[in-house]
Amino acid sequence: MSIYDFKVTTIEGDEVSLEKYKGKVLLIVNTASKCGFTPQYEGLEALYKKYEDSGFEILGFPSNQFAAQEPGENDEIKEFCKINYGVSFQLFEKSDVRGENAHPLFKYMTKKTTFKGFNQNHPNEKKLNGMLKKNFPKFLEGDSVKWNFTKFLVGRDGNIDSRYEPTTDPSAMSTDIERMLECINENYFPLTDELNNNKEIYTGDDDEEVMNCEGGPCNFVYNDQND
């Protein structure tokens with residue numbers, strides 16, 4: 001089995017088989033519009049523009065499972081991404097990415113990969129880890145998706161090569177993508193640091209008030225069905 005065995009629905013409402021992407025290198029990521037990591041959309045779009053002509057695609061799957069940070073409808077999500085980050089890679093309908101009701105694609109990908117912890121060098125690692133331990137401790141169990149902007153790099157054969165947690169910025173993945181594309185040459189340059197300047201996660205007076213990229217507290221909404 002590979003990812004080509006799964007069907008997904010685009011954000012426009014069209015069902016497609018992932019076999020459509022056979023032979024391409026894919027980056028599959030779960031996203032959200034009101035998260036401290038939402039500015040990673042900019043870095044993802046930069047990766048897409050840089051490598052799309054070499055056979056690279058990004059597939060974005062919005063999800064509202066993490067502190068209800070993707071509350072909008074599909075058309076609202078698409079408009080937000082286009083207006084704020086110029087997203088031109090393919091987005092898909094809002095889906096669960098963890099738990100019993102997770103999309104089969106994400107169940108498959110998390111079974112094929114291992115959660116190895118967050119990048120301790122990322123400026124928001126301690127905030128994210130601490131928030132999860134306090135508010136969503138079950139999220140840290142096993143190899144499930146832990147938070148928004150977990151990324152899976154898929155090779156041209158449909159098999160998963162690497163998994164990256166939210167604390168890995170898109171620009172840090174260039175070498176791995178180039179390795180998968182087999183197209184490293186002198187014309188490729190590192191993405192500029194400007195794309196890595198994600199907005200700080202809001203911490204407030206209470207450590208529950210985190211992960212809101214708009215500078216205000218996020219009201220955590222916990223749903224037992226999301227475990």
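The values are calculated or read from the model by the stated rules, or taken from the named source; none is laboratory data. This structure is a prediction, so every number in the text was calculated from the model and none was measured. Because the Cβ atoms are built from the backbone with ideal geometry, glycine has one as well, and the counts that use them run over all protein chains shown. Calculation scope for accessible area: heavy atoms of the full protein, side chains included, ligands and nucleic acids excluded. Shrake-Rupley method; radii C 1.70, N 1.55, O 1.52, S 1.80 Å.
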Quick check for you: which residues of segment 60-96 have the amide N under 17 Å from the point 7 Å beyond the Cα of LYS112 toward its beta carbon? 60-61
Given a 1.4 Å probe and the protein chains all in place, what does the accessible area of TYR4 round to, in Å² to the nearest 10? 20 Å²
Do me a favour and compute the ellipsoid semi-axes for segment 29-107 from its Cα gyration tensor, root of five times each eigenvalue, largest one first, whole Å. 21, 15, 10
Checked against a 28 Å limit on the C-alpha separation, the offending pairs among LYS82/LYS116; LYS111/LYS133; LYS24/LYS127; LYS24/LYS134; LYS107/LYS127 are LYS82/LYS116; LYS24/LYS127; LYS24/LYS134
How many nm separate the modelled label positions at GLU182 and GLU141, each set 7 Å beyond the Cα in the direction of the Cβ? 4.3 nm
Run the quick spin-label model on LYS133 and THR175: label points 7 Å from Cα toward the beta carbon, then report their separation in nm to one decimal. 2.9 nm
For segment 1-104, size of Cβ-based charge dipole, Lys and Arg +1, Asp and Glu -1, in debye: 340 debye
Using Cα pairs under 8 angstrom and six or more residues apart, how large is the relative contact order of segment 83-184, in percent? 23 percent
Most packed first (mean Cβ within 10 Å per residue), the peptides 43-54, 87-98 order as 87-98, 43-54
Segment 1-150 -> Rg/Rh from Cα coords, Kirkwood Rh, value 0.94
To the nearest 10 square angstrom, what accessible area does MET180 show with a 1.4 Å probe? 40 Å²
Excluding ligands and nucleic acids, what accessible area in Å² is computed for ILE11 using a 1.4 Å probe, to the nearest 10? 20 Å²
Using a Förster distance of 45 Å, the FRET efficiency for LYS7-LYS126 (Cβ separation, nearest 0.05): 0.70
quick shape note, segment 66-171: Cα extents on principal axes in Å, largest first -> 34, 33, 32
So how strong a dipole does segment 108-151 carry about its Cα centre when Lys and Arg Cβ are +1 and Asp and Glu Cβ are -1, to the nearest 20 debye? 40 debye
Residue (of PHE136, VAL154, TYR164) at the positive-pole extreme of segment 130-173, dipole from beta-carbon charges: PHE136
